[in-house]
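I have placed the structure first, in the form of structure tokens, so that the comments after it can refer back to it.
What follows draws every value from the coordinates through simple rules; no lab data is involved. Just so you know, these numbers come straight off a predicted model, no measurement behind them. Note that each Cβ is placed from the backbone with ideal geometry, even for glycine, and that neighbours are counted across all protein chains shown.
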Amino acid sequence: MSGEPVQFEDGMSRRVVLGAFFIGFLMMPGAIYMGLIAGSSLGPAAEWVTLILFAEVARRSFAPLRRQEIYTLYYIAGGLAHAAGGMMLAGGPFGGLIWNQYLVQSQVGQMLGLAQQLPAWVVPPAGSPALAARTFFHPDWLVPIALLVVGQVLARAEWFGLGYVLFRLTADAERLPFPLAPVAAQGAMALAESEAQTWRWRVFASGMGLGLVFGAVLVGLPALSGLIASRPLVLLPVPWIDFTRDLEHVLPTATLGIGTDMGLVLAGAVLPFWVVAGAFAGSLVQVAANPFLYHLGLLTRWRPGMDAVSTHFANDLDLWLSVYIGAGAAVALVGLWQAGRALHGRRGAVGSWTPPPGRGDFPLWIGVSLYVFAACGYIALCLVLLEDDRFPLVFLLGFAFVLTPLVSYANARMVGLTGQSAGIPLVREGAFLLSGYRGVDIWFAPIPYGDHGRRAQFFREVELTGTKFTSIAKAELLILPIALGCGLLFWTVIWKMGPIPSIVFPYAQQYWHLFALRQFMWLSFTTEGGLRFGEVIHPAWAAGSFLLTGGALWGLAGWGAPLAGVYGFIRGLQSLPHLLIPEMLGACLGRYWLQRRLGQEEWSRRAPILLAGFACGQGLIGMAAVGVVLIVRAVAQLPY
């Protein structure tokens with residue numbers, strides 16, 4: 001393949017280790033706070049700030065960072081600053097325990113009788129002194145934290161082992177092109193390719209200035225005013241201004257509002273235009289269709305006075321969940337069809353099983369052993385933790401040694417040929433329901449099912465940067481203790497600031513309720529007296545959604561039109577329009593104004609850096625606010 005590096009080098013060094021601790025102790029608390037306050041992620045900003053700072057310090061010390069060091073540092077920054085899903089839980093795996101403590105104490109869970117059924121190995125029971133004191137340093141947390149640590153070790157062994165085996169199969173043996181791997185590798189190497197690119201600094205500094213000003217209003221003012229007032233002073237409601245109740249007489253069951261985070265506007269300018277446009281159109285479908293469906297008597301759970309979150313969830317239960325499932329199945333089927341068409345004509349391996357010298361490879365049996373070790377560990381944990389023995393062992397064995405390898409291999413080949421992958425919806429959920437298992441513990445069990453197909457492309461990216469694979473193994477060994485240690489420290493400190501969620505953390509207070517409702521819905525399917533799957537899923541609506549989505553994808557693919565709009569449309573159907581309206585505004589500004597002024601290529605280079613700078617500025621405000629609040633509250637607790 002073209003672009004093969006001449007020499008592989010180790011990317012781990014003392015400077016990289018120092019950068020990892022810099023991210024853990026300085027970036028992580030800001031990432032946690034920004035996620036809870038504004039629903040913002042520091043991921044790109046953490047990567048850019050760390051890379052720029054360490055690259056420039058090293059350059060001025062006449063010892064510039066090697067490209068292998070830059071890529072390893074980039075990888076560590078992404079791993080430590082990652083925020084999970086729409087809940088924006090950053091700060092490592094302890095964010096999951098914070099979510100579980102919310103579930104067990106939530107009013108919805110208490111009313112449904114489901115919170116009381118959460119097992120003690122997931123979270124301490126409601127009323128536990130550990131929850132009342134808001135601390136992880138209590139015996140009731142010993143088992144959940146121990147399982148968390150074991151799960152983190154198994155997860156890394158699983159993806160690293162299976163991902164490496166898939167890479168050897170698809171990249172070495174079959175020589176698949178992996179068309180998007182060079183793009184990702186070049187993006188991470190941007191700072192290593194040029195000694196002086198002052199335009200990057202100008203754009204990054206401009207974005208950081210915007211982030212500092214906007215973050216001071218959105219994050220800094222509420223955080224600091226809360227120290228001297230009973231209620232924080234909020235100039236911009238976080239995360240949105242909701243018009244649902246105001247418009248319910250005109251548009252019953254419709255959710256409408258607008259997000260207040262300027263970062264959404266910049267994100268819309270960075271994302272592919274048709275993805276954003278499709279998502280915006282999809283969100284407006286519910287706004288227009290729901291009042292009509294309500295008058296037809298198809299939406300029955302809505303009541304006047306409901307806010308956007310409750311309205312959206314009630315509509316999902318009545319009809320829209322079936323639409324989501326049908327659309328997801330269509331996307332998966334079309335993805336498999338595209339993969340089959342791309343694979344047509346490729347017969348047999350055309351490469352070699354002999355790896356390039358110095359790449360840091362290890363015997364394939366080690367990769368297989370790592371995966372088998374992790375899979376067996378998950379199965380053993382499930383057998384010990386699950387109280388009901390009606391979940392058959394054959395399901396666990398099938399997940400671990402049949403479904404996960406097959407799905408991962410299929411998607412590894414898809415990514416290797418097209419850069420795209422497809423998931424099969426509701427496999428895990430369907431197995432739980434078909435097994436007849438009763439109880440909520442199955443939904444928290446470490447089921448050995450996952451899709452690791454994209455890990456093959458990750459190893460290809462590492463190869464293109466000339467970084468030894470052993471560097472990534474060392475990076476994972478470094479990320480794990482930092483993520484666990486810093487996560488435990490900073491989540492404990494921030495949890496002490498107030499209940500999570502609460503008025504102190506407005507994004508979590510507003511948005512987490514929707515995710516909790518959805519999770520409790522699935523939990524109720526396997527409990528006595530709970531919802532039945534047939535009450536929520538309507539086959540006719542699912543089939544109609546499947547046919548419409550599949551037809552749209554098939555037709556657009558045949559005409560050569562961008563499929564991104566359809567994928568975005570499906571995302572928008574499941575989302576509140578509040579956060580998509582600012583995204584659409586940013587997409588229009590980028591496409592119809594900034595691209596015309598700067599040129600499409602120039603704007604595409606500047607936009608991600610501008611967004612990273614904005615996130616950095618907001619993150620700095622968040623970290624400063626956290627520091628001030630913690631100092632003031634620590635001093636206030638002193639007896640003298």
| field | Exposed GluC sites (Glu not before Pro) absent - longest run of the chain, DSSP non-H/G/I/E/B, at most 15 other C-beta within 10 Å | value | 1-194
| field | Which of 576, 620, 115, positive extreme of dipole for the chain (C-beta unit charges) | value | 620
| Which value at 222 nm does the chain reach when only helices count, each DSSP H run of 4 or more adding -39,500 (n - 2.57), with the total divided by all residues and rounded to the nearest 500 deg cm²/dmol? | -20000 deg cm²/dmol
| remark: Checked region 395-483 against the a/c 1.5 cut and the a/b vs b/c comparison, axes a ≥ b ≥ c from its Cα gyration tensor; verdict oblate
| Under-5 Å amide H pairs with residue 89, H placed in peptide plane, nonlocal only | 84
| field | Extended-chain gain in nm, criterion 0.36 nm per residue less alpha-carbon gap, residue 295 and residue 59 | value | 78.3 nm
| said: What does the net charge come to around residue 120 if you take all other residues with beta carbon closer than 12 Å to its beta carbon, with K and R at +1 and D and E at -1? | reply: -3
| query | By what distance, in whole Å, do the Cα atoms of the chain stretch along each of the three principal axes, largest value first? | reply | 66, 65, 58
| query | What percent do you get for the relative contact order of the chain when only Cα pairs under 8 Å and 6+ apart count? | reply | 32
| Nearest 20 debye, what's the magnitude of the dipole of region 473-610 about its Cα centre given +1 on Lys and Arg Cβ and -1 on Asp and Glu Cβ? | 400
| request: Choose one of 400, 566, 323: the residue whose Cα lies farthest towards the positive end of the charge dipole of the chain (beta-carbon charges +1 Lys, Arg; -1 Asp, Glu; about the Cα centre). | output: 566
| query | Got a sec? Charge dipole of the chain, +1 on Cβ for Lys and Arg, -1 for Asp and Glu; which of 68, 154, 280 is way out at the positive end? | reply | 68
| request: Quick one, could you list the DSSP H helices from the chain stretching 24 Å or more along their long axis (Cα atoms) with average Kyte-Doolittle hydropathy of -0.5 or above? | output: 43-60, 142-167, 198-215, 273-295, 321-343, 364-385, 469-497, 506-524, 539-559, 600-636
| query | When you take every Cα atom in region 226-299, what is the radius of gyration, and what is Dmax, the widest Cα pair distance, in Å? | reply | 16.6, 51
| field | Given charges at beta-carbon only (K, R positive; D, E negative), |dipole| of the chain in Debye | value | 960
